[in-house]
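One structure is given here, and the rest of the page talks about it.
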Amino acid sequence: MRFLFVDRVDLLESGRRIEARKTVSFEEAWLPRPTAPFPALPSALLIESVLQAGMWLLRESTGFACQPVVLGADSVRIGRPVRSGETLRLSAEIRQRGPDGAVLRGEARVGDEIVVSGERIVCTFLPLGDFDDPDEARTILAEMRRPKHERRTDA
């Protein structure tokens, strides 16, 4: 089973940076209810959203040959809860890259407010084909980059 926490890729500068979005829907199964005062995205999934944006950047920048695996991150800061109906603006940039891995920096914002950030996100590269079909990964990224009115409705 696959959970995508990136709805749309707005900008992808290959080998440099990515900007994406994720809108938190009230219907998402992982939102706490009915006892929570308001449904909010759990902090771990907030971080996962940023990491997934960075992983799409790294997959694309390696020609879909590599699956990045996060080994660790420094200075992770979590701000306020993100509620259903809010849109996260995700960004990640490659700080260093070598043949076996990369170091990223990433953050998520709601409006102008940073709600999560991470420095020195260290990733290693494994063969993408061991985890996913590279052609399917290319198709998923292409769909996320396509304007909403042009997206396929049969998938």
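The values are calculated or read from the model by the stated rules, or taken from the named source; none is laboratory data. It should be emphasised that the depicted structure is a prediction, and the values quoted were computed from it without experimental measurement. All Cβ positions, even for glycine, are placed from backbone atoms using ideal geometry, and neighbour counts span all protein chains on display. Heads up: the accessible areas ignore ligands, DNA and RNA and are worked out on the full protein's heavy atoms, side chains in. Shrake-Rupley method; radii C 1.70, N 1.55, O 1.52, S 1.80 Å.
Once you keep just the Cα pairs under 8 angstrom separated by 6 or more residues, what percentage relative contact order results for the chain?
25 percent
With a 10 Å radius around each residue's Cβ, average the other Cβ atoms per peptide and rank 111-123, 43-55, highest first.
The densest-packed peptide leads the list: 43-55, 111-123.
Where only protein heavy atoms count, and the probe is 1.4 Å, what is the accessible area per residue for segment 74-155 in Å²?
Result: 60 Å² per residue.
Mind sorting out which of (1) 2, 8, 16, 18, 17, 14, 10, 7, 4, 2, 1, 0; (2) 2, 9, 19, 21, 20, 15, 9, 3, 1, 0; (3) 2, 8, 12, 15, 16, 15, 12, 8, 5, 4, 2, 1, 1, 0, 0 is the real P(r) over Cα pairs in 5 Å bins from 0, in percent computed from the coordinates?
Read-out taken from this structure: (2).
Name the residues whose placed amide hydrogens come within less than 5 Å of the amide hydrogen of residue 115, ignoring near sequence neighbours (fewer than 5 apart) on the same chain.
Answer set, sorted by chain and number: 108, 109, 110.
Ignoring ligands, DNA and RNA, please state the percent of accessible area on the chain from carbon and sulfur, probe 1.4 Å.
With neighbouring chains kept in place, the figure for the chain is 51 percent.
Under 17 Å from a label point 7 Å along Cα→Cβ of residue 113: give me every residue in segment 45-89 with its amide N that close.
Output list for this probe position: 46-47, 77-89.
Taking amide hydrogens as modeled 1.01 Å from N in the peptide plane, which residues meet the under 5 Å criterion relative to residue 82, leaving out close sequence neighbours?
41
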